[in-house]
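Following: one structure in structure tokens, then a few remarks.
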Amino acid sequence: MTMKQQILVEHLKALSFEIYEVTTTLFKIMIPALLIIKALEMVGGIELLSMALSPVMGWVGLPESMGIVWATTLLTNIYTGMLVFFTHSTEQSLTVAQVTVLSGMMLMAHALPIEARIAQKAGIRLSVTLILRIGGALVYGWLLNRIYTSGDWLQQPNQLLWQPETAGDASLGQWLIDQVQGLFAVFMVICLLLSTLKILRVIGVEKLINGLLSPLLRLLKIGQEATTITLVGITLGLSFGGGLLIKEANAGHVSKQDIFSSMGLLALCHSIIEDTLLVMLLGAHISGALWFRIAFALIAIALLSRWVLSRSNTFKQRYLFTSQRGAEQL
């Protein structure tokens, strides 16, 4: 075997181990969470949450009936929330501004049983993630509502850009098949993602990306070690970016401060391509679904990161970070 072949084999072995490590870490989180979510659905947990959220909807300029949409999204995902929205939107006329407000809240706070657990495994306390995502979504919804109403913008009736077909088989067996297919898709994305990152690292593109983004990351108090991972989360989603952060955190390669700032940014702004396109199918305007969301996340995390830096290590360990390997890197 030549030297080049040996190097290639070593790279493939390292890549296979990384894929195994990230996949098993995510699946240990996702599979129990999926089962818990299904159990909550079956016992009416979503309906109970929607009742609690209904009064809050008026604070952001939405009818109480939209509480069930956000409740479903919080516990499941944007896709399921969209299906509930299509069912309930026909019962009440909404403006483009209202749909954009609801969409902005769905984008910031969804799939919490899975994504909040991923953030917790990365090193951020569960309570911090829930406050940041749910509180951030409510503040963002309130700000969007104030902006649109003060300028009388986007007040025209909303028009759906797409209407789903009627639901098919909703049996438990079909649900299991759907979840297996979803997990397999996650595995394939991880394989493609880690392979691409490995190639970018070998040919030096990763270093170039880090250099180009360093001014913005310094503003957000995110070190270069977390640059590529943060970019992955912003573009592809928190699950993938968070999964990589867990691996790096366990290896002690990323500081707790970087993890906090990175996960905080991903909590408010992730999967900006897929998720943005999804809510635009509901009729959401791109201003609130993308541009204002990015600006809100950057400003919020820049301020929050500076506040965290001013806290003592004891405060951080007690209220912000979980006790994991690498905790000494504050």
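The values are calculated or read from the model by the stated rules, or taken from the named source; none is laboratory data. Not measured: the values here are computed from a predicted model. Using ideal geometry, Cβ is built from the backbone for each residue, glycine included, and neighbour counts are taken over all protein chains shown. Each accessible area value is taken on the protein alone, full model and side chains, heavy atoms only, with ligands, DNA and RNA left out. Shrake-Rupley method; radii C 1.70, N 1.55, O 1.52, S 1.80 Å.
Just a yes or no: is a residue in region 285-294 open to solvent by less than 50 Å² (accessible area, probe 1.4 Å), under 18 Å from residue 127 (Cα atoms) and among the small types (Gly, Ala, Ser)?
No, region 285-294 contains no residue that is open to solvent by less than 50 Å² (accessible area, probe 1.4 Å), under 18 Å from residue 127 (Cα atoms) and among the small types (Gly, Ala, Ser).
List the pairs whose first member sits in region 196-224 and is under 17 Å from residue 258 (Cβ atoms), whose second member is outside any helix (DSSP H, G or I), and whose Cβ atoms are under 7 Å apart, counting only residues at least 6 apart or on separate chains?
223/255
I'm trying to understand the selection: among the residues of region 49-64, which are surrounded by fewer than 22 Cβ atoms within 10 Å (Cβ to Cβ) and within 20 Å of residue 288 (Cβ to Cβ)?
Hits for region 49-64 are 53, 56, 58, 59, 61, 63.
List every residue pair whose Cβ atoms sit under 9 Å apart, with the two residues 6 or more apart in sequence or on different chains, where the first one lies in region 290-306 and is free of Cβ contacts under 8 Å to residues at least 40 places away in the same chain and at positive phi and the second, anywhere, is open to solvent by less than 80 Å² (accessible area, probe 1.4 Å) and of a type in the set (A, V, I, L, M).
Partner pairs satisfying both residue conditions: none exist.
Which count do you get for residues in region 163-196 that are open to solvent by 60 Å² or more (accessible area, probe 1.4 Å), modelled with pLDDT under 85 and aliphatic (A, V, I, L, M)?
The number of residues fulfilling the criteria is 3.
Taking the conditions exactly as written (among the hydroxyl-bearing types (Ser, Thr, Tyr), surrounded by fewer than 15 Cβ atoms within 10 Å (Cβ to Cβ) and part of a helix (DSSP H, G or I)), does residue 24 satisfy them or not?
yes
Restricting to region 222-242, count the residues that are assigned to a helix (DSSP H, G or I), of a type in the set (Gly, Ala, Ser) and under 16 Å from residue 109 (Cα atoms).
Residues in region 222-242 being assigned to a helix (DSSP H, G or I), of a type in the set (Gly, Ala, Ser) and under 16 Å from residue 109 (Cα atoms): 3 in total.
In the list 258, 275, which residue meets the criterion of being acidic (Asp, Glu), farther than 17 Å from residue 124 by Cα and touching a residue at least 12 places away in the same chain (Cβ under 8 Å)?
None of the other options fit; the residue is 275.
Any chance you could count how many residues in region 128-162 are of a type in the set (Ser, Thr, Tyr) and at pLDDT below 95?
Here the count works out to 0.
When the residues of region 115-162 are narrowed to those that are among the β-branched types (Val, Ile, Thr) and buried (at least 24 other Cβ atoms within 10 Å of the Cβ), which ends up nearest to residue 256 (Cα to Cα)?
The residue in question is 124.
Please go through region 81-107 and pick out each residue that is within 30 Å of residue 26 (Cα to Cα) and buried (at least 24 other Cβ atoms within 10 Å of the Cβ).
Residues satisfying the conditions are 81, 85, 102, 103, 104, 105, 106, 107.
Kindly list the number of the only condition in (1) within 17 Å of residue 237 (Cβ to Cβ); (2) open to solvent by less than 20 Å² (accessible area, probe 1.4 Å); (3) modelled with pLDDT under 90 that fails for residue 274.
Checking residue 274 against (1) within 17 Å of residue 237 (Cβ to Cβ); (2) open to solvent by less than 20 Å² (accessible area, probe 1.4 Å); (3) modelled with pLDDT under 90, the one that fails is (2).
Rundown of residues vs (1) within 26 Å of residue 138 (Cα to Cα); (2) among the polar types (S, T, N, Q); (3) more than 22 Å from the chain's Cα centre (by Cα), yes/no style:
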site	(1), (2), (3)
17	no, no, yes
64	yes, no, yes
83	yes, no, no
87	yes, yes, yes
97	yes, no, yes
